[in-house]
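Structure first, commentary second.
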Amino acid sequence: MPRIAYVNGRYANHNDAMVHVEDRGYQLADGVYEVCEISRGFIIDMKGHLDRLDRSLRELRMEWPVERKALEFIIREVIRRNHVRNGLVYIQVTRGVAPRDHAFPTKPVRSALVVTAKRADPMAAAKKAEKGMTVITVPENRWDRVDIKTIGLLPNVLARQAAVDAGAQEAWFVDPDGTVKEGASTNAWIVTTDGSLVTRPADFGILRGITRATVMKVADSLDLKVEERAFSVEEAQSAREAFVTSATSVVMPVVSIDGKPVANGHPGTVARSLRDAFFAIAEKSPSC
Ligand code: PDD
């Protein structure tokens, strides 16, 4: 079955789906994106993701490429045409096509929209969560507006590759004061010895994860305390548990940090309960 992508008004065969060479996303990373999980035929937290897209667009003075309702329709249509029941939908908006110039185009340009969807195997993800993942730490070297979900991800790409080169699965950015910011594509959490969840406040220093927000509600439903505060690499290494959250990983236990096992080096029970309870609490929109 051919994969189908939506590109600027057309549903095209995935291999033939192209953007213009002067798309400002391609040349200048002048664009924003969202990734939503699709689980059992439902789009997870679509409202949260589209609200954040709206914020990212406003922060960069970009227009919606189509109305929000139309985008919701396109998202569902791409999922339907690709027969995705479990997987991810990717939404990218760039400032559009214009002769290369660093400043915004002076003539009005329609922002460009790409939507793709791909399948993922929920059993494989569950198996991964049973094993947990390992992380390394890297110095924070990103710009100071990482709260905007832009496609300018080169530092994140290099951090993730450093993790892969070290035989790990994720890299955590660390500030000069030794505190953990977030992962290359995930938010970072620890569980303290008294069972509280700790994650960095979502100010301008990290991306305000949609999964992070839902996990806070899940924690509340499980009577777990959440503290939004900075934590150091050492505190994480000696924590009861550590885990990451994102639309792509939901809740994924972290079993070692820079080669040091977290607790006994196996996934902990808190991360597991949060993962198990996640879909009961998350907002679910039918995908078609
Ligand atoms: N990444 N922090 C960063 C830097 C991210 O890129 C992401 C998501 C998150 C978690 O956000 P959310 O819970 O809304 O997915 C935190 C997506 C999944 C990606 O780039 O593929």
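The values are calculated or read from the model by the stated rules, or taken from the named source; none is laboratory data. Nothing here was measured: the structure is a model prediction, and the numbers come from that model. A quick note on method: Cβ atoms are made from the backbone with ideal geometry, for glycine too, and the neighbour counts reach across all protein chains shown. When the accessible area is computed, the model is the full protein with side chains, heavy atoms only, and any ligands, DNA or RNA have been set aside. Shrake-Rupley method; radii C 1.70, N 1.55, O 1.52, S 1.80 Å.
Counting only helices (runs of 4 or more DSSP H) wholly contained in the stretch 189-288, the ones carrying 2 or more residues that are touching a residue at least 24 places away in the same chain (Cβ under 8 Å), open to solvent by less than 10 Å² (accessible area, probe 1.4 Å) and within 16 Å of the ligand (Cβ to nearest atom) occupy 210-221, 269-281. Only one entry in 77, 34 is within 16 Å of the ligand (Cβ to nearest atom) and open to solvent by less than 70 Å² (accessible area, probe 1.4 Å), namely 34.
Checked against (1) of a type outside the set (Asp, Glu); (2) free of Cβ contacts under 8 Å to residues at least 12 places away in the same chain; (3) within 16 Å of the ligand (Cβ to nearest atom), residue 70 passes all but condition (3). Of the residues making up the stretch 46-92, those that are of a type in the set (Val, Ile, Thr), under 26 Å from residue 123 (Cβ atoms) and part of a helix (DSSP H, G or I) are 75, 78, 79. A single entry from 180, 226 fulfils the requirement of being touching a Lys or Arg at 6+ places or on another chain (Cβ under 9 Å), modelled with pLDDT of 95 or more and over 21 Å from residue 33 (Cβ atoms): 180.
Tell me which residues, restricted to the stretch 1-28, are β-branched (Val, Ile, Thr) and surrounded by 15 or more Cβ atoms within 10 Å (Cβ to Cβ). Steps first, please.
If we filter the stretch 1-28 for residues that are β-branched (Val, Ile, Thr), which is where we start, we get 4, 7, 19, 21.
Within the stretch 1-28, 4, 7, 19 meet the criteria.
Contact map, the stretch 53-66: residues that are closer than 19 Å to residue 23 by Cα and without any contact (Cβ under 8 Å) to a residue 60 or more places away in the chain paired with residues that are crowded, with 20+ Cβ neighbours inside 10 Å and of a type outside the set (A, V, I, L, M, F, W, C), Cβ distance under 6 Å, separation 6+ or inter-chain. Pairs shown: 62/95; 62/111; 63/111; 65/111. In contact with a Gly (Cβ under 9 Å, 6 or more places away or on another chain), modelled with pLDDT of 95 or more and within 22 Å of residue 280 (Cα to Cα) - does that describe any residue in the stretch 151-167? No: zero hits. For the stretch 85-113, taking the residues that are among the hydrophobic types (A, V, I, L, M, F, W, C) and away from the ligand (no atom under 16 Å from the Cβ), the one that is farthest from residue 29 (Cα to Cα) is identified as 109. Suppose we keep only residues that are among the basic types (Lys, Arg) and surrounded by fewer than 20 Cβ atoms within 10 Å (Cβ to Cβ) within the stretch 37-62. Which one would you say is farthest from the ligand (Cβ to nearest atom)? The selected residue is 61. Here residue 109 clears all of (1) assigned to a strand (DSSP E or B); (2) more than 20 Å from residue 245 (Cα to Cα) except the condition numbered (1). Within the stretch 144-156, the set of residues being assigned to a loop (DSSP other than H, G, I, E, B) and either within 12 Å of the ligand (Cβ to nearest atom) or open to solvent by less than 70 Å² (accessible area, probe 1.4 Å) (or both) comprises 145, 146, 147, 148, 149, 151, 152, 153.
Evaluate the following for residue 159: is it part of a strand (DSSP E or B), touching a strand residue (DSSP E or B) at 6+ places or on another chain (Cβ under 7 Å) and free of Cβ contacts under 8 Å to residues at least 40 places away in the same chain? Please lay out each step first, then the result.
Details: part of a strand (DSSP E or B): no; touching a strand residue (DSSP E or B) at 6+ places or on another chain (Cβ under 7 Å): yes; free of Cβ contacts under 8 Å to residues at least 40 places away in the same chain: yes.
No, not satisfied.
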